[in-house]
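Have a look at the structure below before the remarks.
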Amino acid sequence: MSLCSWVNKMKIVIIGCGKVGTSIARELNTSGHDITVVDNNGAAVRRLSESLDVMGIEGNGATYEALSEAGAETADLVIAATARDEVNLYACLMARAAGVPHTIARVRSPEYTDDLYRVKDQLRLSMSINPELTEAIEISRLLRFSGALEIDSFAKGAVELIKVLVPPNSPLCDKKISQIDTLKGRVRICTVERGNEVYIANGETRIKAGDKASIVAKPEIAAKFFKKSGFNIGRSRDVILLGGGKVSFYLAQRLIKSGANVKIIERNEQRCNLLSSMLHDAMIIHGDCMDQELLLSEGIESADGVAALMDYDEENILISLYIKSVSHAKIITKINNESFDTIIGNLGLESVISPKTLTGEYIARYIRAMQNSLGSNVETLYRLHEDRVEALEFRAKSNSRTVDTPLMQLDLKDDLQVICISRGGKIILPQGSDVIKPDDSVVVVTKHKGLSDLNDILRR
């Protein structure tokens, strides 16, 4: 899953050229924004400015001098993404003093994250982003539907796009979509991936075992549909987290709140003691996550979900492959190094998460919302099926040529489907007689790239 943006060009200063800053710069650079990066590490600045079409400034980005050299006085946005929360918050404060209208700070500390709402207005902070918390939220969603390959949300989380693998025993197999019970139209099958082909589904599309199908529905309706259709996609109740870092802490909090039983295995004894003092309802195990005998003794074979969240990608990959061989659990693998992307697809790891990439995606989504008033009305955009399909959420404007006309009468482009309309909190999975109204949130899936306005779904 990846986000992209088709919005008016912005001038953005990014402070910090580490993994997070690099991920943000790469995501925003592909969207066509004017990017300047600032870091004390001259080698990191040169490496990033040479690999991307960005300007590099060597210096302390929290100082007025460096911000001025980076052109902050005329920037639309400053993003502080250094390794230190205090520096990021101070840099955003200094950027506002320099006249920057919008600032975003990377804040990782749980203590700061919990308290930030108290001083956000005083800091005049537009947004804060916590990569580890963001990853924990994403993983918890995947564990809610343990059989899901991907889950993306629209209409402020009211409806979800869920990709699943169709099992051989499913009653959906060898049926046309028009013949499938979609719970009185409350579920929409919108894409089907079969081998190397991806189809925008219609009533004549036939579902086969082994297809990767994406459906859109409210979460509670999706659960009913999956159960009825023979998918083993229930909630993970017994979860083991390998590694006791910040992601595990945030994830354990969310899982415990949802009623799951959580074990955390961590090799550092001091960290174990700290987790025990903060997570009273989780079982904390002091041991080596790579110890296969330990994993078996702690019930890895019977677990519903396992997340490999250790510091080293190689360990996460290897232990995920081992667990796959001994367990039917939903396995989620954390990987930070993008150089592994080329080999991951051949290893059969079903759910791979990168906190650095997610951070860039979330910030790109925020910037897209900022730009709505400047020409684009794309509110959310996901790249699906290895970038071959896009799912876009538009805000319908009163002057759009799509409004107040039944969908069946609109001259829609081929390879495009209107899958959802959100109107005043009501979710509509539209039929041909439904119409788009001004201010509706409209979600479409399409193979066409570069749509920036709802009118772009029409042939002409």
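Taking all pairs of distinct Cα atoms, average 1/r, flip it, and tell me the Kirkwood hydrodynamic radius of segment 38-125 in Å to one decimal place.
Values: mean 1/r = 0.0744 Å⁻¹.
After inverting the mean inverse Cα-Cα distance, the result is 13.4 Å.
D for segment 390-460, whole µm²/s, Stokes-Einstein with Kirkwood Rh over alpha-carbon pairs at 4 °C and 1.567 mPa s: what number?
Details: Rh = 12.0 Å.
The calculation lands on 108 µm²/s.
Taking the Cα centre of each part, how many Å lie between segment 242-313 and segment 66-84?
Each part's Cα centre sits 38 Å from the other's.
By how many nm would the segment from E204 to L296 grow when fully extended, if each residue of separation counts as 0.36 nm and the alpha-carbon distance is taken off?
Values: separation 92, 0.36 × 92 = 33.12 nm, distance 4.68 nm.
Going from the current span to full extension adds 28.4 nm.
Between Rg and the Kirkwood Rh of segment 100-152, both from Cα atoms, what is the Rg to Rh ratio?
Values: Rg = 14.4 Å, Rh = 12.8 Å.
My calculation of the ratio gives 1.12.
Hey, if you drop one equal point scatterer on each alpha-carbon of segment 115-183 and run the Debye formula without solvent, what base-10 log of I(q)/I(0) do you get at q = 0.19, 0.22, 0.27 Å⁻¹?
So the normalised log intensities are -0.96, -1.10, -1.19.
At a 1.4 Å probe radius, which order do H328, H280 fall into by accessible area, largest first? Show your work: numbers first, answer last.
Values: H328 190, H280 150 Å².
Accessible-area ranking of H328, H280, largest first: H328, H280.
How large are Rg and Dmax for the chain when only the alpha carbon atoms are used, in Å?
When restricted to the Cα atoms of the chain, Rg and Dmax are 23.0, 66 Å.
Label points 7 Å out from Cα along the Cβ direction at Y322 and N196: separation in nm?
3.6
Residue by residue through segment 90-104, which ³J(HN,Hα) values in whole Hz follow from phi under the Karplus form 6.51 cos²θ - 1.76 cosθ + 1.60 (θ = phi - 60°), with glycine and proline marked x?
Each residue of segment 90-104 in turn: 5, 4, 5, 5, 5, 5, 5, 5, 7, x, 6, x, 9, 9, 10 Hz.
Treat every Asp and Glu Cβ in the chain as -1 and every Lys and Arg Cβ as +1, leave all other atoms uncharged, and give the resulting dipole magnitude about the Cα centre to the nearest 20 debye. Before the final figure, lay out the partial values.
Working: 57 positive and 61 negative charges, 367 e Å.
Charge dipole of the chain: 1760 debye, to the nearest 20.
What does the helix-only formula give at 222 nm for the chain: each DSSP H stretch with n ≥ 4 adding -39500 (n - 2.57), the total divided by the residues, and the result rounded to the nearest 500 deg cm²/dmol? Walk me through the intermediate numbers first.
Values: 13 runs with 142 residues, N = 460.
Here the helix-only value at 222 nm equals -9500 deg cm²/dmol.
At a 1.4 Å probe radius, which order do M127, M290 fall into by accessible area, largest first?
If we order M127, M290 from most to least accessible, we get M290, M127.
Projecting each Cα onto the charge dipole of the chain (Lys/Arg +1, Asp/Glu -1 at the beta carbon, about the Cα centre), which of S354, Q270, H328 comes out farthest on the positive side?
The Cα lying farthest towards the positive end belongs to H328.
Kindly sort R84, R235 by accessible area of their heavy atoms, largest first, with the probe set to 1.4 Å. Walk me through the intermediate numbers first.
Working: R84 145, R235 105 Å².
Largest accessible area first, the list is R84, R235.
At each listed q (0.12, 0.19, 0.23 Å⁻¹), what is the log10 of I(q)/I(0) that the Debye formula gives for segment 193-311 modelled as equal alpha-carbon point scatterers?
-0.60, -0.97, -1.22
Using the heavy atoms of the protein chains alone and a 1.4 angstrom probe, what is the accessible area of segment 5-134 per residue in square angstrom? The partial results should precede the final answer.
Details: 5750 Å² over 130 residues.
Heavy-atom accessible area per residue stands at 44 Å².
Averaging sequence separations of C-alpha pairs under 8 Å and six or more residues apart, then dividing by the length of the chain, give the relative contact order as a whole percent.
Once divided by the residue count of the chain, the mean separation gives 14 percent.
How much length is gained on full extension from Q179 to K9, taking 0.36 nm per residue of separation minus their Cα-Cα distance? Display every interim value, and only then the final one.
Details: separation 170, 0.36 × 170 = 61.20 nm, distance 4.59 nm.
Stretched out fully, the Q179 to K9 stretch lengthens by 56.6 nm.
Using a basic spin-label model with each label point 7 Å from the Cα along Cα→Cβ, how many nm lie between K426 and D404?
1.9
How much of the calculated P(r) for segment 126-230 lies past 15 Å, in percent of all Cα pairs?
Values: 3505 of 5460 pairs.
In whole percent, the long-distance tail amounts to 64.
Between rounded, prolate and oblate, where does segment 24-83 land on the alpha carbon gyration tensor, with a ≥ b ≥ c its root eigenvalues, rounded for a/c under 1.5, else prolate if a/b exceeds b/c?
Working: a/c = 1.71, a/b = 1.16, b/c = 1.48.
It comes out oblate by the Cα gyration axes.
What is the local net charge at E50, summed over the other residues whose Cβ is closer than 14 Å to its Cβ (Lys, Arg +1; Asp, Glu -1)?
Details: positive: R26, R46, R47; negative: D39, D53, E58.
Within the 14 Å Cβ shell, the charges total 0.
Starting with the highest mean, order 378-384, 302-308 by the number of other Cβ atoms within 10 Å, averaged over the residues of each peptide. Could the numbers behind the result be given before it?
Values: 378-384: 20.7, 302-308: 23.1.
Ranked from most to least packed, the peptides come out as 302-308, 378-384.
The values are calculated or read from the model by the stated rules, or taken from the named source; none is laboratory data. Please read these numbers as outputs of a predicted model, since none were measured by experiment. Backbone-built Cβ (ideal geometry, glycine too); neighbour counts: all protein chains shown. The area values use the complete protein model at the heavy-atom level, side chains included, leaving out ligands, DNA and RNA. Shrake-Rupley method; radii C 1.70, N 1.55, O 1.52, S 1.80 Å.
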